[in-house]
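Worksheet: the structure to be examined is printed underneath.
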Amino acid sequence: MEISASFFNDPPAPLGEPGKPFNGLWNYEVVEAFFLCERTKQYLEVELCPHGQHLVLLLSGRRRVWKQELALTFEVCRTETKWEGRAHLPWSYFPPSTDKFNAFAIHGSEDKRTYEALYPVPQHEIQEGQKPDFHHLELFKQFSLKALMGEDWRQPESDLWMSCKHTD
């Protein structure tokens, strides 16, 4: 997975070591990608920070984390205004039959906090006082790994997901 994004440096870098998982990364400047199997509601959440920290979560059911802080090879290059990242996502992290996707970006502090979504909640559905929530699975759009990898490609089986006891 490759990221190319504006770099705001707000909030400042998390205290965690670059290249390592950092729980609570969503409280910092971050880009997030979600890969969902609509049928099972199992999904992979990948959070990547321009300072090099990351967080990988496996969820089974909306907001139901069953694995977290998974290892990830993640490299970052930054300038004063832009950052690029490259993360190697093991196939075993993707839920079987991944078919939906959404992506998000967060930056800024306090009243300057900004939340962006590839597929956001429609403006007319936002209620007064509603807080950002990236786990609106119904807003995710069709996504085909096969279209990216080639028609003959088959998603490898995942021992990790086969061990998941939680279903919705």
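Annotations
- Residue in the range 55-64 that is touching a strand residue (DSSP E or B) at 6+ places or on another chain (Cβ under 6 Å), exposed (fewer than 14 other Cβ atoms within 10 Å of the Cβ) and not hydrophobic (A, V, I, L, M, F, W, C) present: no
- Extreme residue, surrounded by the most Cβ atoms within 10 Å (Cβ to Cβ), among residues of the range 67-120 that are assigned to a loop (DSSP other than H, G, I, E, B) and of a type in the set (D, E, K, R): 99
- Any pair with Cβ under 6 angstrom, 6 or more apart, that starts in the range 31-57 at a residue that is in contact (Cβ under 8 Å) with a residue 12 or more places away in the chain and ends at one that is in a loop (DSSP other than H, G, I, E, B) and of a type in the set (Gly, Ala, Ser): 37/97; 41/61; 51/13; 52/19; 53/16
- Selection of first residues in the range 128-153 that are without any contact (Cβ under 8 Å) to a residue 60 or more places away in the chain and in a loop (DSSP other than H, G, I, E, B) and of second residues that are surrounded by 12 or more Cβ atoms within 10 Å (Cβ to Cβ) and not aromatic (Phe, Trp, Tyr), restricted to Cβ pairs under 6 Å at least 6 apart or on distinct chains, gives the following pairs, ordered by first then second residue: 153/146.
- Any pair with Cβ under 9 angstrom, 6 or more apart, that starts in the range 107-118 at a residue that is over 18 Å from residue 13 (Cα atoms) and modelled with pLDDT of 95 or more and ends at one that is surrounded by 13 or more Cβ atoms within 10 Å (Cβ to Cβ) and among the polar types (S, T, N, Q): 117/102; 118/102
The values are calculated or read from the model by the stated rules, or taken from the named source; none is laboratory data. Worth saying up front: this structure is predicted, and the values here are computed from it rather than measured. Every residue, glycine as well, gets a Cβ built from its backbone with ideal geometry; the counts of neighbours run over all protein chains shown.
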